[in-house]
There are 2 protein chains.
Amino acid sequence: MEITAELVKELRDRTGIGMMECKKALKETNGDLEQAIQVLRKKGYARAKDKMHRETREGVIGSYIHLNGKIGVLVEVNCESDFVARNDEFAELVKNVAMHIAASDPQYISKDDIPEDVLAGEKEIIREQLKDSSKPAEIIEKIVEGKLGKFYQEVCLLNQPYIREDKTTVEQYIASFIAKFKENIQISRFARYELGKS
Amino acid sequence: MEITAELVKELRDRTGIGMMECKKALKETNGDLEQAIQVLRKKGYARAKDKMHRETREGVIGSYIHLNGKIGVLVEVNCESDFVARNDEFAELVKNVAMHIAASDPQYISKDDIPEDVLAGEKEIIREQLKDSSKPAEIIEKIVEGKLGKFYQEVCLLNQPYIREDKTTVEQYIASFIAKFKENIQISRFARYELGKS
């Protein structure tokens, strides 16, 4: 398949990544735009990592109201400069994160936010399920790790599959904006209200 | 001043209270619409009191974003029926309460929500301020009561003067909707985020 200039441009626009890398990713995926985005997301994520410790004092507080007010979300997304905070694409990111929270009901931002007793309780449940297994201890530990990973995917916002691109985690989705804006971006807090459930 | 049918109608529309009572309130205030609203609010509040214990399982979660996302509010306002929850005026009430929270930064919903240690600390501060006073103990107690009342007005949503009508408390403002809809209405929770302050 031919890699047209239009296709490269679209990929650049969507990822903010340089032309040569976009072209390379499209060749790698035979011109499949969505797959090329995945390839670049992973690369972008690797590159974004070194920005993830940088201080974020600016940002936007966004909200999303679902089903005529049956579910509501408030979220604070931070970045480094007011310039990025006022960018339309940043506003879209905030909206999408709020919408994601409404749909996926995370309990924590990252796994570091899970209280120790909750984590211990979860490990206890997993070990209980495996207690009659005759597998060797190191295999059991691997299974526990795997099941914990699934638990993180369920309850931690950053580990959840992003609702609009289920092969991308929310963390990877945010990392793609870090790569694009060349600024650290962090979710510092969120509240999710569901009518009558507190 | 003549009490015109138009004036009575406007008062009815704004308060939801019967024609005769609106006419009476307008006569009492010489046709001053805003004062008549105050008069009816007080009566409405008295009448709303007996509905204030009724269970509220329906409602709306609303949000308000201020200053391009520098302040954000999420609030759950409950009522008794989905019919009222879907009413446009109820939606307006929710929006106004969210806007009020953004502007007035309450810490609690009602004074019952103030933690005991916070209240004890506040009383301590007030008594400290009065310790060199030569006034009799019962007068001191009255002053403490008065200062506590001011503290409630500062930190409790329901006791705050409603931003759009500063002679009305938020509780009275809500009571006017209880009188109008003939259903209990309650604020069950809110979150207010200010950029960078957590």
Q: Report, please, the projected area of the stretch B:82-175 averaged over directions, based on the convex hull of its C-alpha atoms, in nm².
A: 7.6 nm²
**Q.** Inverse mean reciprocal Cα-Cα distance (Kirkwood Rh) of the stretch B:1-51, Å
**A.** 10.7 Å
Q. For chain B, which longest stretch is free of loop sites, where a loop site is one of the GluC sites (Glu not before Pro) that DSSP puts outside H, G, I, E and B and that has at most 13 other Cβ atoms within 10 Å?
A. B:56-198
Q | Set of lysines with alpha-carbon distance to B:Lys43 below 22 Å, sequence-local pairs under 8 removed | A | B:Lys9, B:Lys23, B:Lys24, B:Lys27, B:Lys51, B:Lys167, B:Lys180, B:Lys182
Q | Spatially proximal aspartates and glutamates relative to B:Lys95 (Cα-Cα < 16 Å; intrachain offsets below 8 disregarded) | A | B:Glu76, B:Asp105, B:Glu165, B:Glu171
Q | Shielding of B:91-98 by partner chains, average beta-carbon count, 10 Å | A | 1
Q) Can you give the net charge of the other residues whose Cβ lies under 14 Å from the Cβ of B:Gly196, counting K and R as +1 and D and E as -1? A) -1
Q) Using 7 Å Cα-to-Cβ label points, what is the A:Arg57/B:Asp105 separation (nm, one decimal)? A) 1.8 nm
Q: Return, for the Cα atoms of chain B, the radius of gyration and Dmax in Å, separated by a comma.
A: 19.4, 59
Q. Ratio of Rg to Rh for the protein assembly as shown, alpha carbon only, Kirkwood?
A. 1.10
Q: Per DSSP H run of at least 4 residues, take -39500 (n - 2.57); add these up for chain A, divide by its residues and hand me the 222 nm value, nearest 500 deg cm²/dmol.
A: -16500 deg cm²/dmol
Q) Applying 1/(1 + (r/R0)^6) with R0 = 22 Å to the Cβ-Cβ distance of B:Asp32 and B:Glu92, what FRET efficiency is obtained, to the nearest 0.05? A) 0.40
(Q) Could you tell me which residue out of A:Tyr45, B:Phe181, B:Val8 lies farthest along the dipole of the protein assembly as shown toward its positive end? Charges go on the beta carbon: Lys and Arg +1, Asp and Glu -1, centred on the Cα centre. (A) B:Val8
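FYI, it's all coordinate maths here, none of it is from the lab. None of the values given here were measured: they were computed from a predicted structure. Here Cβ is always computed from backbone atoms with ideal geometry, including for glycine, and neighbour counts include all displayed protein chains.
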